[in-house]
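Report on one structure; see the data block that follows.
Read the figures in this text as sums done on the coordinates, not as results from a lab. The model shown is predicted, which means the values in this text are computed figures rather than measured ones. Cβ atoms come from the backbone with ideal geometry, glycine included; neighbour counts cover every protein chain shown.
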DNA sequence: CTAGCAACTTGACCGAAGTCAACTTTAGGC
DNA sequence: GCCTAAAGTTGACTTCGGTCAAGTTGCTAG
């Protein structure tokens, strides 16, 4: 069985997908057409590696569905999972700017449809299109903020708090009280995303249940009291203290 | 005693400092002049806070000398130190792009000369100057790479390895064999920069001595064998495995 | 030169998370 | 529907790093 398929889909489809990316949403039809040159749509199975760390970056990728894992790996196989991305996210686009090697590896972790795009078109478009460059800078500044949060979480939150924060980010803005959520991918994967072992995840989730009254059944989590979960998780998180005040914007704040 | 001084220094001086920043090095004299509008040069003592997390960002800062600490803080006072910057670095410039609040606090940790600059001029210059925008994107992509490394280090390196990596980054490219280096700031501060307690730092450094044969006397560290230190520290670091091969570029690689 | 204080070190202890192994549950392929 | 493999859980144990307390060192202001 093949673990990937280069499919012929219409140019229109590719362009529709491109337009769905926040970075490109304000681009004119012409710009989208340029960016779409040389695009290849592929359906990948779990396990497919899109590219690896230190490989020269010649293409970048748009995730249309499924999930991909961004990670780095030491010689002995220890992995550090940097992030896990889903639909409408780009990956590998940073290396384009620097004409450099990819700074990490990317692997499909839930069957994914992906559009592979040549770096060159994006690079030239960024050079001649100030609006796009502006959008790119904003996107990067936004992601910088999130990475700073990530570093903070790794350094000062304990395992149950990191899980709590993760759950809160799965809720949608403005929800209150009882909320039911569905874990987007394997618990083992969530564990590595949060920088802990599966065993630790399992035990920490148990502790979180006891501390915040959430209920867990398989991949379904019932949060009995959002505020209580937020109080517990955000105690060790600087994200604007209103994070504690769910009526404002907890889930958004914990970024 | 005042802990800061707004000094009148010549416009020329300010412009010279601006030109020393990699981001601005390729800018024309006119652009530099624009950016320098409303600049204020200040000498700050240790402890001075430049700005705090969640404050609306109206200015950004250029460090001319000394050291400043970028950090986030929870309600109970626990700090996560994100980075520690010195001369020719900008801080607070990301928030400019987003017209947003600062995503962290910044405090002077070694008496520092700082130039405070209005966000507005940078923002308009980035909008109308594609070369500058291009340079900004490259800078951000570069820093993104470093932050990914930071996340990796926090998740998979232990305390002695993180210290080893820090020491390696203090050596200059291409050095070999015996190297003498000077710690740039307090050990306590290095400890927090590396996400550990001062006691842990002290013990981990002792362990690093035993494992790699380095010698420590106050703030002076004598690395007997760079390769040996690199082998030990970079075992838990994905940064291009040649990192292990110092003849190439270890210190640069561990970024 | 000296007093005082901050930085640093060391020891004893504790708790969080990692490791290893055994076991249960779940989900996908035939 | 059954079988297998992977995912998840649990227990026992270890290790690393944090905490608290008691030093020591070293700098600096007077």
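Observations
- Scattering profile of the range B:1-98 at q = 0.16, 0.21 Å⁻¹ [log10 I(q)/I(0), Debye over alpha-carbon scatterers]: -0.78, -1.26
- Taking the longest Cα principal axis of chain A as reference, the axis of helix A:130-156 is set at about 30 degrees.
- FRET efficiency for residue A:100 and residue A:225, using Cβ-Cβ distance with R0 set to 45 Å, rounded to 0.05: 0.45
- Relative contact order of the range B:1-133: 33 percent, from C-alpha pairs under 8 Å at least 6 residues apart in sequence.
- Burial ordering of A:228, B:94, fewest other beta-carbon atoms within 10 Å first: A:228, B:94
- Over the range B:55-145 - Rg/Rh using Cα atoms and the Kirkwood inverse-distance radius: 0.98
- Short-range pairs are left out: with C-alpha atoms under 8 Å and at least six residues apart, the relative contact order of the range B:66-122 is 44 percent.
- Compactness of the range B:53-107 is given as radius of gyration and Dmax, 11.4, 33 Å, from Cα positions.
- Each of A:86, A:116, A:10 was scored by other Cβ atoms within 10 Å of its Cβ. Listed from fewest to most, they are A:10, A:86, A:116.
- Chain B: angle of helix B:119-128 to the longest principal axis, Cα-based, in degrees nearest 10: 90 degrees
- Tail beyond 20 Å, pair distance distribution of the range A:152-241 (Cα, percent): 27 percent
- Take the Cα of residue B:173, step 7 Å toward its Cβ, do the same at residue B:20, and the gap between the two points is 2.0 nm.
- Relative to the longest principal axis of the Cα atoms of chain B, the long axis of helix B:198-212 lies at roughly 50 degrees.
- Note on the range A:87-162 and the range B:17-52: Cα centroid distance 28 Å, given to the nearest whole angstrom.
- Quarter of Cα convex hull surface for chain A, i.e. mean projection, nm²: 14.8 nm²
- Short-range pairs are left out: with C-alpha atoms under 8 Å and at least six residues apart, the relative contact order of chain A is 18 percent.
- Derived value for the range A:9-58: Kirkwood hydrodynamic radius 12.7 Å. Basis is the mean of 1/r over every pair of different alpha-carbon atoms.
- Taking B:218, B:47, B:77 as the candidate residues, the one with maximal mean-square fluctuation in a Gaussian network model of chain B, Cα springs under 10 Å, is B:77.
- The overall shape of the protein assembly as shown, judged from the alpha-carbon gyration tensor, is rounded, with an a/c ratio under 1.5.
- Going by neighbour counts of Cβ atoms within 10 Å, the residues A:19, B:178 line up, fewest first, as B:178, A:19.
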